[in-house]
Structures are given as structure tokens and as C-alpha cells.
Amino acid sequence: MPPTTKHTAALLGGVLLAVLTGCGTSAEKTNVQAVGSEAARPAEPDRVAPPAPPGLPGMPPVLDAKDVYAADRVGKLSPVVKDFPSRVYVPNTNSDTVSVIDPATYKVIKTIKVGRQPQHVVPSWDLKTLWVNNDIGDSLTALDPATGKTGRTVPVSDPYNLYFTPDGKYAVVMASMDRQLVFRDAHTMKTAKTVPVDCAGVNHADFSTDGRYFIVSCEFSGELLKVDTARMKVVAQQKLPLKGAMPQDVKLSPDGGTFYIADMIADGMWVLDGKKFTTPKLLRTGKGAHGLYVSRDSKEMYVSNRGEGSISVFDFAQRKLVKKWRLPGGGSPDMGGVSADGKVLWLSGRYNSEVYAIDTATGKQLARIPVGSGPHGLAVYPQPGRYSLGHTGVFR
């Protein structure tokens, strides 16, 4: 995202479960009959995949050791959200509003007044609340996704972005201008621990498969942090190997082995071994690479290239880009999410006061919807998954 009033200040001052892994496919029982007079041997017991490494205490049990997004499949809506109306919530940073879109009609059906400079709409860990991050307003506004009504507004300093630890205990505020990671009670939002950071523009994050650490991007100083979740402590830090790098969204690969970090200046994604935290390699996708979104089958990832009005499609198995979709007439695709049925990619048009609906099968633009000024971290809700790790919807 471009530096806003707060983020400009940060820039000038010095310029976030384990895969829910688990049961592998059980081997079929084999009944071996005896030859001649031998009695039939008993069936072999089911062979169970080796258990995943211990995860963060308190995390929900593992689903699939080979796919961290196994709970995000089409049709896997949590009982908590199954009756929520399908909506797209768009925070308009310059209008101080949230536009609510009905995806069935592609029309704005409601505009909600919130605090100053709303940056992201974030699903809570328990899926019951949507938190609007009013950055300059120094507050979080609760939205009820069942009714669409606003609830309490909580004073929180510099809530540029918001994540939740995989055990559901803490919210983690990305306080960009304050140069802090602030761990807060996930329900009351009371501060548990404030972690000062030695980088500028803490921004986006994602958690390791076991939930024991998370990787954070620092956009204004071009750095990455590795944070121990339980200890709430920065354990490693590195400068990206490109002058002027501006890292943005962070996303874990389905197999949990790699973190991808979009970079607006590098025009691509950094490919990082999170465990080793060695120097990442750059994969170019397009000008102004910004948001990263995984398909419902975990096979592909959509990369929004804000600077050129395109979306690159990355194939996880092939580890390469396989398609590029361009918006008709251009645009500024930014943050968003995938529809519950996996058929539509929704992205905000940051500099065009609009939202794009894109067919994930063909790349065709389905709709271009006018909204307020400066649309940013929109949330598609509800989505499949058992709990939320935050941002615009990172579900496990």
C-alpha cells in the first residue's frame, strides 16, 4: 500500500498451525487368506501417517499434514458462519466507510460509517466478528456478519492490520507507525504484551504450519521478521536483497515448506524458507505485486499486480507462474479474497474507487463495482475454514 498520512510518518522516521495436518489417507485393510490348511491371517491394522510435529499448544487438531488449507475447501463452512449472508466488505480508506456488496447482484447494498482511515476488514479467530481496522482513528470497529450491524468500537493505537495466533488466545496488531507488534486478548482486545520492532512499516504476516512462529513484512525498510508465537518475541530479522524493496502480503505454501512475500518494488514474490530463514529468492510476477490468495483446491495462488492491472496465477506443484489475467482497461487490483465456492476472486481497486470480481476459471472480469475512495483490504465473508488467522481472511 502507498504511504498514507501515518505511514508517511513511519517512512520518514526510518523508513504474524500447524497445517492443520493430520490424518493421511489410511491404507486399505488387507485380508490374506491361508493357503492349504493354514488358517486365515487376521487383517492388517490400518496404517496411520506419522503424526505431525507438535504444534503450538491450544491449536485445533491437525487435518492434513500435506495441506495447511485442507479446511478451506468448497462446502466446508463452519457451523458458526453457515447462516451468514454472503457479502463483500470493502474498507474505503479515504471515505472512512465500509461498502457492503451483495455478490449475487454485484451491487453495493449498504455503506457503513466507521473510524478514520479503515485499512482492512478482518474476521476474528472465532469467526463471529469482523473487525474494521481504523488506522488513523486508532480504533477497531466490530461488525456483526449475521446482521451487518456495527457493534462496539475499541480504542487501539495504530491498528494498520490485525492477525490472530493459531491457538485463538491473542490478536496481534500490526502497529506500523508505532513500530510495534501488540499482542492483545483476542476477545477483549486488552494489551497482553507490546513488542517493539527495529524495522519500519510492519504490515502483513502468516504463520508456520505448526503455528510456533510467523513471518512479518516491514514495507518501509524492506525487511522481514521471524517472530516466536508463544514467546511473543522477534527471533530473527533480515534485510531483503534489493535496494528499496517494499514487501507486502505474506502467504504460506500448502505444504508448509515455503513462505511467499509479495513485493511492490521488486515486482514479484520473495520465496523464503521460513524454518531456515535464509536469504529468499525473487520470482517476478508483475509490476506492483501486492496481494496473495490461495485457490480453494490449494493448487494455485493468485497474485494481484497493482501497478499493471493484472493478476498472475502461480502453480504450487510446478512452482512457477502459469497464467496472467489483465483487467480490461487496466486498474489497481489490491487486497481481497476468494468466494466460498472458489469461483470468484474479489479484489479492491485501490486507486480507482472500485472493486473487481474475476472468474477464477477463465480470468474474465465479471464485474467492476463503484465504491468509496481508496478501497483497500476487503473481506469476502463467510469463507470455509474452522478459524481465522486474520488479515482479510486467512483460514485454517
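General observations
- Members of LYS110/LYS251; LYS299/LYS364; LYS66/LYS343; LYS128/LYS275; LYS190/LYS276 lying beyond 29 Å, as alpha-carbon distances in this model show: LYS110/LYS251; LYS128/LYS275; LYS190/LYS276
- Placing unit charges on each Cβ (+1 for Lys and Arg, -1 for Asp and Glu) gives segment 164-227 a dipole about its Cα centre, and among ALA205, THR188, SER176 the Cα reaching farthest toward its positive end belongs to THR188.
- If the chain linking LEU242 and LYS281 were pulled fully straight, counting 0.36 nm for each residue of separation and taking away their Cα-Cα distance, it would gain 13.0 nm.
- Note on segment 197-264 and segment 100-134: Cα centroid distance 25 Å, given to the nearest whole angstrom.
- Across every direction, the projection of the convex hull enclosing the Cα atoms of segment 167-245 has a mean area of 5.1 nm².
- The chain: Rg to Rh, with Rh as the Kirkwood radius over Cα pairs: 1.01
- Put simply, the convex hull of the Cα atoms in segment 101-194 casts, on average, a shadow of 6.2 nm².
- Check: the chain dipole with +1 on Lys, Arg Cβ and -1 on Asp, Glu Cβ, in debye: 320
- Helix-derived mean residue ellipticity, 222 nm - over the chain, DSSP H n ≥ 4, -39500 (n - 2.57), to 500: -500 deg cm²/dmol
- Three semi-axes describe the equivalent ellipsoid of segment 205-334; taken as square roots of 5 times the Cα gyration tensor eigenvalues and ordered largest first, they are 24, 17, 11 Å.
- For THR194 and LYS128, the FRET efficiency from 1/(1 + (r/R0)^6), where r spans their Cβ atoms and R0 equals 30 Å, is about 0.70.
- Neighbour-count order for HIS376, HIS187, HIS120, fewest beta carbons within 10 angstrom listed first: HIS187, HIS376, HIS120
- Simple label model, 7 Å out from Cα along Cβ direction - ARG152 to LYS324, nm: 4.9
- Scoring 250-263, 71-84 by mean Cβ neighbours within 10 Å over their residues and listing the highest first yields 250-263, 71-84.
- Database remark: amide H of SER176 closer than 5 angstrom to the amide H of TYR160, ASN161 (H placed geometrically; neighbours at sequence offset of 5 or more, or on other chains; Pro and chain starts carry no H).
- Taking 19 Å as the straight-line reach from the Cα of LYS113, the aspartates and glutamates in range (excluding those fewer than 8 positions away in the same chain) are ASP96, ASP102, ASP135, ASP138, ASP144, ASP158, GLU354.
Bear in mind that the values in this text are calculations on the coordinates, not laboratory data. Owing to the predicted nature of the structure, the values given are computational and were not obtained by experimental measurement. Neighbour counts run over all protein chains shown; Cβ positions are idealised from the backbone, glycine included.
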